[in-house]
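A quick write-up on the structure given underneath.
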Amino acid sequence: MMVIMHESATAEQVAHVVARVEEVGASAHVSTGERVTVIGVIGDREELTALPLEAMPGVERVVAILKPYKLVSREFQPADTVVDVRGVKIGGGHFAIIAGPCSVETPAQVLEAARAVRAAGGLMMRGGAFKPRTSPYAFQGLGEDGLKMMAAARDETGLPIVTEIMDPRDLDVVYRYADVVQIGARNMQNFLLLAEVGRLDKPVLLKRGLSATIEEWLMAAEYVVKEGNRQVILCERGIRTFETATRNTLDLGAVAVVKLASHLPVIVDPSHATGRPDLVLPLSLAGVAAGADGVIVETHPNPEHALCDGPQSLPTAAFGEYAGRVLDLARWVGKSVA
């Protein structure tokens, strides 16, 4: 349920409601807006019903939340969440291009890609140091050595780092270098991992699972937010369907649906969705038109020799043209791109 406080409610009155809620074993999540404060309450329905919440000083009304996801819903927080990553904002009208190689390979490769992303107007750099691969014989990433290469590129270009974590045992090393921690599609319902990143103060990029419904995706985000971390960026990266013309099917309808259902920012990943570089631009533009708050794409200095996902990567030599088209449309639909 939501406890909506009066505009004139004091901090002491908010604290009193939180304390009473916690007395019955429920959890309270306070969201302070420009005009009013909303307290999201999660706990035993019977215990909460017995509380005289509406009679407490400062309370305007109590509203039941019917959706299974509570804290990430628009009902709990009508205003868009804006995630700030070292000064780069996503959500609430702010748009960002996140780009870089699928896998970190060499210092020169990472730095060349980062320079191209920065020159083209990209605001964050992606790159994999720990890679979940279908085949156990495929390249699995360079681990901490790869993270060090990305950190060196960040030092030169100023681009914050987005990188994936696969195992809670790697939390310390990944958090030492990353600015945004990515939960990949295959780990979307790794609930232990979701809870762990929810307890730490680091933005999380949560990709939709290959066969996940929108509700399941939002429930996964709820696992993170419930633990206290509200800095969540959702990523539609394509789902598994019967269609074989593309690697996956980019669900642009999901972008529009989630923007209505949740206050969290949503970005699209046309690289993994299509598996084809010639489709990355049109589907990036379609994502912007559908309301996405950003795109995350793969670019590599020499895709032909990439150790991972070369066929879907944009050459860095062509990245500037791609980014210019995407940023032009983002500006046209009213987004801030810097």
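Is there a residue in segment 302-322 that is among the acidic types (Asp, Glu), at pLDDT 95 or above and closer than 22 Å to Lys89 by Cα? Within segment 302-322, none of the residues are among the acidic types (Asp, Glu), at pLDDT 95 or above and closer than 22 Å to Lys89 by Cα. Return yes when Arg247 is more than 28 Å from Val82 (Cβ to Cβ), assigned by TED's automatic domain parsing to the domain that holds Lys89 and in contact with a Gly (Cβ under 6 Å, 6 or more places away or on another chain) and no when it is not. Criteria met by Arg247.
Quick one: would you say Glu54 is in contact (Cβ under 8 Å) with a residue 24 or more places away in the chain and not β-branched (Val, Ile, Thr)? So Glu54 fails the test.
If only residues of segment 27-51 that are under 11 Å from Met5 (Cβ atoms) and touching a residue at least 40 places away in the same chain (Cβ under 8 Å) are counted, the one that is surrounded by the fewest Cβ atoms within 10 Å (Cβ to Cβ) is Gly33. The numbered conditions (1) under 16 Å from Gly128 (Cβ atoms); (2) among the β-branched types (Val, Ile, Thr); (3) under 16 Å from the mean Cα position of the chain (by Cα) are all true for Val224 except (1).
The residue that is nearest to Glu304 (Cα to Cα), counting only those in segment 110-126 that are out of contact with any strand residue (DSSP E or B) (no Cβ under 7 Å at 6 or more places or on another chain) and surrounded by fewer than 24 Cβ atoms within 10 Å (Cβ to Cβ), is Glu112. The requirement of being under 25 Å from Ala178 (Cα atoms), surrounded by fewer than 21 Cβ atoms within 10 Å (Cβ to Cβ) and among the hydrophobic types (A, V, I, L, M, F, W, C) is fulfilled somewhere in segment 66-83, by at least one residue. For segment 275-291, the condition holds for at least one residue, the condition being that it is closer than 30 Å to Gly40 by Cα, in contact (Cβ under 8 Å) with a residue 12 or more places away in the chain and in a helix (DSSP H, G or I).
For segment 260-277, the tally of residues that are surrounded by fewer than 24 Cβ atoms within 10 Å (Cβ to Cβ) and modelled with pLDDT of 95 or more stands at 3.
Here Asp293 fulfils each of the conditions (1) modelled with pLDDT of 95 or more; (2) among the acidic types (Asp, Glu); (3) out of contact with any Pro (no Cβ under 7 Å at 6 or more places or on another chain) apart from (3).
Scanning segment 305-337 for residues that are within 16 Å of Gly294 (Cβ to Cβ) and free of Cβ contacts under 8 Å to residues at least 12 places away in the same chain yields Asp328, Arg331, Trp332. Meeting the requirement of 3 or more residues that are over 27 Å from the mean Cα position of the chain (by Cα), the helices (runs of 4 or more DSSP H) wholly within segment 6-124 are 11-23, 45-50.
Considering only segment 279-297, I want to know if a residue exists there that is closer than 18 Å to Arg126 by Cα and surrounded by fewer than 24 Cβ atoms within 10 Å (Cβ to Cβ). So far as segment 279-297 goes, yes, one or more of its residues are closer than 18 Å to Arg126 by Cα and surrounded by fewer than 24 Cβ atoms within 10 Å (Cβ to Cβ). The residues on offer are Pro168, Pro160, Pro132, and the sole one that is surrounded by fewer than 23 Cβ atoms within 10 Å (Cβ to Cβ), on the phi < 0 side of the Ramachandran plot, assigned by TED's automatic domain parsing to the domain that holds Ala306 and at pLDDT 95 or above is Pro160.
The values are calculated or read from the model by the stated rules, or taken from the named source; none is laboratory data. Everything quoted here is computed from the prediction, not taken from an experiment. Heads up, the Cβs are rebuilt from the backbone with ideal geometry, glycines too, and the neighbour counts pull from every protein chain shown.
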